[in-house]
Amino acid sequence: MSPPRVPLGAGGRGRDRRRRVAGVMFAVACTAATMVGVVALAVLLGDVIADGSHRLTGDFIGSFASRFPERAGVKAALLGSIWILGLTAVIAFPVSVAAAIYLEEYAPSNRLTKLIQLNIANLAGVPSIVYGILGLTVFVRALSLQRSILSGALTLSILILPVIIMASQEAIRAVPHSLREAAYGLGATRWQVVSLQVLPMAMPGILTGTILALSRAVGETAPLIMVGAVGFLAFTPTGGVMDQFTVMPLQIYNWISRPQEEFHELAAAGILVLLILLLTMNATAIILRTRFRRHH
Amino acid sequence: MASTYDIDIGGESAALEARDVSVYYGEKQAVKNVDLVIPPNRVVALIGPSGCGKSTLLRCFNRMNDLVPGARVEGEVSFHGQNLYAPVVDPVEVRRRIGMVFQKPNPFPKSIYDNTAFGPRVNGFKGDLGELVEKSLRQAALWEEVHDRLGDSAYALSGGQQQRLCIARTLAVKPEIVLMDEPASALDPIATQKIEELILELKRDYTIVIVTHNMQQAARISDYTAFLYMGELVEYGPTEAIFTTPREERTEAYVTGRFG
């Protein structure tokens, strides 16, 4: 083979360098943009840990709220949040998945379906306080569920329904059409295709969407204030879902709005507890997801 | 004109018969007034250039077009004399008795065993499932290669093996007719040859309708060939006649490679 006429790096030096510099600058800009989020989170976390970590003790987790900062704890709020979350998941998950299955696999593609679809997308953007008002009117008053955990969970369920429905639809849509055809081609009924092929394959995506939606719900304050979460509670739910309740964000807000420095530290500790709760949920999501993936 | 697509199937009754079949996707007509008789225990090839409607026509035979939104089938398709599109007919039963193998291997994300067993399971098979799985895999000439790793994921198989698994999966439901939509088009020559040998083997027990864009393949494996062009059935007859003495000019142009 004859040697190349132009050796490497000989031609168009200036232009090559400009292109290279532009490439590097773009990479730097993208990295910087990523860092904005990471740094902000790190600073926030560092600040909260510095303020609240020394308050984060077993007593803090195990005590009720109190007028005396050294005796105050998050027990009622933490249990309230867990109750609300659990019940919300139990209500919202099946309803959302069923709605998503209907919309993707059963609904005829007509005006009504499109209208429903549009509505769901819009509902995801409605301010959460509006759901609070709905919850107050429908669950607390009209259905006489009072200011209970059930009212709160129902309200939050409605709040996150559109998010889970859309995530589930996305996951269901991502199941290759060829697999549906294969199953139909073997004489499977629509229900068999959905339950044996589509749902198992879509489940990791559905679970991820659900956990993300629940993560949003765990931070919600406004709608729960509307349906009557109380700021101060010195007992844990024992009578089940009809009990009064408070939740973590509300407790944190309550502490932060007090003038004393000690309560601000308690708020920081509360934030840490909430963060740990969130991380636990996300870890659960990842575990569930990998387990489902391994099975299919 | 009618004589160009008549074949003599002797005294046998047709396994499948299309009478004046048209298929529309919305406004667009993909298949135009096709008449086609599929004799039992033969291999019938549908050939023609891309978009000529051969796959669409094939999908009429097991009501697969029902699953395509906006698709509409007119005319009559009968299976041993019974109209597949009659209101009393359940498309699920149609698909069980008239199986289908698709263009791209599409095994389920499950084990080899569960892939083969899926059809029998959804159809409520009562009997020795393991035996049926083995028989089906043997029929598809795959057993020797996979018998010691039935629990492995089907995705671990090569493309050609996956396609034979898909054939085994179809056979496990014990269909009477097997429709194949370009079953070897995504495979290499060696895997293709295996599939072709398999088709010739299966002919003894099944009626096979195969869509292919590979004319040599049609010539090698089919008894009858139908040439479609722009949604119309141009010519239908014994494969040898279609390839050596076609009656229609368009057929001759296509099989000699002048277009398509």
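Read the figures in this text as sums done on the coordinates, not as results from a lab. Because the structure is predicted, anything quoted here is derived from the model rather than measured. Note: ideal-geometry Cβ built from the backbone for every residue, glycine included; neighbour counts use all protein chains shown.
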- Rounded to the nearest 0.05, what FRET efficiency is calculated for B:N83 and B:R258 with R0 set to 45 Å and r the Cβ-Cβ distance? 0.70
- Query: Going highest first, how would you order A:19-30, A:48-59, A:185-196 by mean Cβ packing within 10 Å?
  - Reply: A:185-196, A:48-59, A:19-30
- Rounded to the nearest 0.05, what FRET efficiency is calculated for A:A124 and A:R173 with R0 set to 22 Å and r the Cβ-Cβ distance? 0.85
- Could you work out the relative contact order of the stretch A:14-173, using alpha carbon pairs under 8 angstrom and six or more residues apart, expressed as a whole percent? 23 percent
- Taking the Cα centre of the stretch A:29-146 as origin, work out the dipole magnitude from +1 charges on Lys and Arg Cβ and -1 charges on Asp and Glu Cβ, in debye rounded to 20. 360 debye
- Mind checking which of B:Q161, B:A184, B:T207 is farthest towards the positive end of the stretch B:133-217's charge dipole, using Cβ charges of +1 (Lys, Arg) and -1 (Asp, Glu) about the Cα centre? B:T207
- In the neighborhood of B:P91, defined by Cβ-to-Cβ distances under 12 Å, what is the net charge if each Lys or Arg adds +1 and each Asp or Glu adds -1? +3
- Item | Residue among A:L143, A:Q169, A:V6 farthest towards the positive dipole end of chain A, charges placed on Cβ | A:V6
- Message: Taking the beta-carbon count within 10 Å as an exposure proxy, list A:W83, A:W255, B:W143 from fewest neighbours to most.
- Response: B:W143, A:W83, A:W255
- Note on the structure: Of the candidates A:A269, A:A124, B:A18, the farthest towards the positive dipole end of the protein assembly as shown (Lys/Arg Cβ +1, Asp/Glu Cβ -1, centred on the Cα centre) is A:A269
- About its Cα centre, what dipole magnitude does the stretch A:141-296 give when the only charges are +1 on Lys and Arg Cβ and -1 on Asp and Glu Cβ, stated in debye to the nearest 20? 660 debye
- Label-point separation in nm, A:V95 to B:V68, each point 7 Å along Cα→Cβ: 3.9 nm
- Here the alpha-carbon Rg of chain A over 2.2 N^0.38 Å rounds to 1.34
- Message: If neighbour count is taken as other Cβ atoms inside 10 Å, put A:F292, A:F68 in order from fewest to most.
- Response: A:F68, A:F292
- Message: Under 8 Å for C-alpha pairs, at least 6 residues apart: give me the relative contact order for the stretch A:151-296, rounded to a whole percent.
- Response: 27 percent
- Query: Over 19 Å between Cα atoms, which of B:K174/B:K203; B:K135/B:K203; B:K32/B:K203; B:K174/B:K194; B:K104/B:K194 qualify?
  - Reply: B:K32/B:K203; B:K174/B:K194
- Message: Let me spell out the model: positive unit charges on the Cβ of Lys and Arg, negative unit charges on the Cβ of Asp and Glu, origin at the Cα centre of the stretch A:82-183. What dipole size does that give, in debye rounded to 20?
- Response: 300 debye
- Message: So if I take the alpha carbon set of the protein assembly as shown, get Rg, then get Rh from the Kirkwood formula, what is the Rg over Rh ratio?
- Response: 1.13
- Between A:K114 and A:L41, what is the FRET efficiency for a Förster distance of 35 Å, r being their Cβ-Cβ separation, to the nearest 0.05? 0.35
- Loop sites only, by DSSP: take the trypsin sites (Lys or Arg not before Pro) in chain B that have at most 15 other C-beta atoms within 10 Å and name the longest stretch containing none of them. B:1-125
- Excluding residues on the same chain fewer than 8 positions from A:K75, give the aspartates and glutamates whose Cα lies under 19 Å from its Cα. A:D59, A:E220, A:D243, A:E262, A:E265
